[in-house]
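The block underneath contains the structure these notes are about, expressed in structure tokens.
The values are calculated or read from the model by the stated rules, or taken from the named source; none is laboratory data. On a predicted model such as this, the values are computed, not experimentally measured, just so you know. Cβ placement follows ideal geometry from the backbone for every residue including glycine, while neighbour counts extend to all protein chains displayed.
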Amino acid sequence: MQLGTRWSSGQEPPAAVPATLRPQIAAVDRALPADDLGQPRPRWTLTFLEGRPIAELDTGVIVELLASGTVIVRHDDEDEFA
């Protein structure tokens, strides 16, 4: 059994986050607009589905490792099989 974890966007991901996801997570973090009002950064949640890691940001952005070994970035309202 693998447990997930949470961390704030822009922070170094915890050691539990696989290296395969880290470049895309960092790219998403860089693309987020700056918040001049001082609101908290959205948080990532790492989970595992069928042994594969999935990182989801509170905004609905998902970074996941497919069974093929490809890492994709999508939004939770997109059809993952399109």
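A few comments on the model shown:
- Tally of residues being assigned to a strand (DSSP E or B), touching a Phe, Trp or Tyr at 6+ places or on another chain (Cβ under 9 Å) and farther than 20 Å from Pro18 by Cβ across the range 28-82: 0
- Taken together, the criteria exclude Arg41 from residues that are surrounded by 11 or more Cβ atoms within 10 Å (Cβ to Cβ) and modelled with pLDDT of 95 or more.
- Exactly one residue out of Ala16, Ala55, Ala82, Ala27 is in contact with a strand residue (DSSP E or B) (Cβ under 8 Å, 6 or more places away or on another chain), modelled with pLDDT under 95 and of a type in the set (A, V, I, L, M, F, W, C): that is Ala16.
- Pairs where the first residue, in the range 17-29, is under 15 Å from Arg52 (Cβ atoms) and the second is exposed (fewer than 14 other Cβ atoms within 10 Å of the Cβ), C-beta under 6 Å, 6+ apart: none
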